[in-house]
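Have a look at the structure below, then the notes.
Read-outs throughout are calculated quantities, based only on the coordinates presented, and are distinct from any laboratory measurement. All values derive from a computational prediction rather than experimental measurement. Methodologically, a virtual Cβ is constructed for each residue, glycine included, from the backbone with ideal geometry; neighbour enumeration extends over all protein chains shown.
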Amino acid sequence: MIITVTLNPAVDKTIKIDNFTPGNVNRVSEMRFDAGGKGINVSKVIDVLGGKSLATGILAGSTGNYIKEYLNSLNIENQFIFINGETRTNTKIVDSVNKANTDINEPGPVVGEADIEKVRTVIQEKLHPGSIAVFSGSVPAGVPKDIYRQLIALAKEKGAKTILDADGELLKYGMEAGPYLVKPNIHELERVFGSKIESMDEAILLSKQIKKEYGIKVLVVSLGEKGALFLNDDATILAEGIKVQPISTVGAGDSMVAALAYSLDKGYSFEDSIRLAVASGTANVMTSGTQPAELSAIREFEKQVKFKYVDNIG
């Protein structure tokens with residue numbers, strides 16, 4: 001059983017504006033709506049890969065109902081807590097002329113401790129030894145910044161393996177609970193530690209230090225076009241980025257997390273997990289909005305993944 005937890009879901013409104021210019025009238029050439037939020041995106045990609053997950057978290061209002069109906073239409077099992085207010089809408093502006101993506105993210109409804117307690121109850125009831133719990137994304141107002149540390153500790157008590165994908169204090173505090181797998185990107189690592197990472201050697205050294213300090217079993221660091229670093233107890237591997245013409249980078253990290261959760265659930269080798277994660281992330285940037293890629297595209301990119309062992313550093 002894979003459970004994805006999304007505390008601050010959103011409807012992702014993706015609009016295409018060629019040569020987007022702030023301060024001027026801009027005309028939309030394409031528009032689409034998707035049920036979003038990082039954990040929900042993970043569940044969508046797990047579904048494409050042929051896996052099963054339970055999506056949980058917090059929804060509100062008509063926007064929340066839209067997300068639930070969307071997941072129901074895909075036959076993705078879900079059990080959300082509904083609260084007062086309205087689930088946020090995030091607007092993604094894609095400018096193919098200037099090759100730029102602009103995100104305008106709403107804050108979401110205010111969440112109380114009683115609401116969080118209901119989420120805890122769902123996690124406690126659904127998780128068991130061998131389960132995988134994915135904690136990812138931002139949190140709405142009213143939720144403490146150490147919430148992932150709390151929920152990861154709870155999941156570990158139930159014998160589940162935990163995956164963390166967050167930013168800022170959520171990432172910093174979450175790592176303190178010793179999650180099984182953590183997937184930051186290079187910029188998120190820089191923000192947590194307040195320093196610029198200037199080279200690949202420095203990124204590898206810092207990654208090894210983080211893994212050891214927090215007792216993380218698997219650390220995956222997204223490097224954008226340069227690929228990704230994958231570290232476990234036995235190896236450090238640098239996977240090359242696959243050169244493609246991206247349509248939208250939104251959700252690429254979520255696709256990698258989905259592939260890693262699916263691989264962990266299926267007992268894939270470390271190398272096969274890397275191939276699927278890189279392929280899933282690459283296929284995602286070839287789609288619009290947070291629409292998941294087709295399985296056929298993922299399988300094709302799997303054949304193109306190249307990586308090398310870099311254990312000599314650190």
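Applied to the range 185-192, the Karplus parametrisation 6.51 cos²θ - 1.76 cosθ + 1.60 on θ = phi - 60° returns per-residue 3J(HN,Hα) values of 9, 4, 6, 5, 4, 4, 5, 5 Hz, with x for Gly and Pro.
For the range 270-278, putting each phi into the Karplus relation 6.51 cos²θ - 1.76 cosθ + 1.60 with θ = phi - 60° gives couplings of 4, 5, 5, 4, 5, 4, 5, 5, 5 Hz, in residue order, rounded to whole numbers and with x for Gly and Pro. Distance between the pseudo-spin-label points of residue 105 and residue 26 (7 Å out from Cα toward the beta carbon): 1.8 nm.
Highest GNM mean-square fluctuation among 197, 76, 123, for the chain modelled with Cα contacts below 10 Å: 197.
Close amide-amide hydrogen proximity is noted between residue 53 and 77, each under 5 Å apart and 5 or more residues distant or on a separate chain (H modeled in the peptide plane; Pro and chain starts excluded).
Under a Gaussian network description of the chain, with springs only between Cα atoms under 10 Å, the residue in 16, 156, 99 that fluctuates furthest is 99.
Across the range 66-82, coupling constants 3J(HN,Hα) worked out from phi with the 6.51/-1.76/1.60 Karplus curve, θ = phi - 60°, read 4, 5, 5, 5, 4, 5, 4, 5, 8, 6, 8, 4, 8, 8, 9, 8, 9 Hz, and Gly and Pro carry x. Among 205, 164, 276, the largest mean-square fluctuation in a Gaussian network model of the chain, built with springs joining Cα atoms closer than 10 Å, belongs to 205.
Is there a pair in 92/303; 126/183; 161/208; 38/99 whose C-alpha atoms are over 26 Å apart, and which pairs would that be? Over 26 Å apart, Cα to Cα: 92/303.
Under a 5 Å amide H cut-off, with hydrogens placed 1.01 Å from N, residue 6 pairs with 56, 57, 58 among residues at least 5 apart or on other chains.
Projection of the Cα convex hull of the range 5-108, averaged over all directions and equal to a quarter of that hull's surface, yields 7.3 nm².
Mean sequence separation of contacting Cα pairs (under 8 Å, at least six apart), scaled by the length of the chain, corresponds to a relative contact order of 17 percent. I need the P(r) histogram for the chain: all alpha carbon pairs, bin width 10 Å from 0 out to the longest distance, whole percents. P(r) for the chain, in whole percents per bin: 6, 28, 37, 23, 6, 0.
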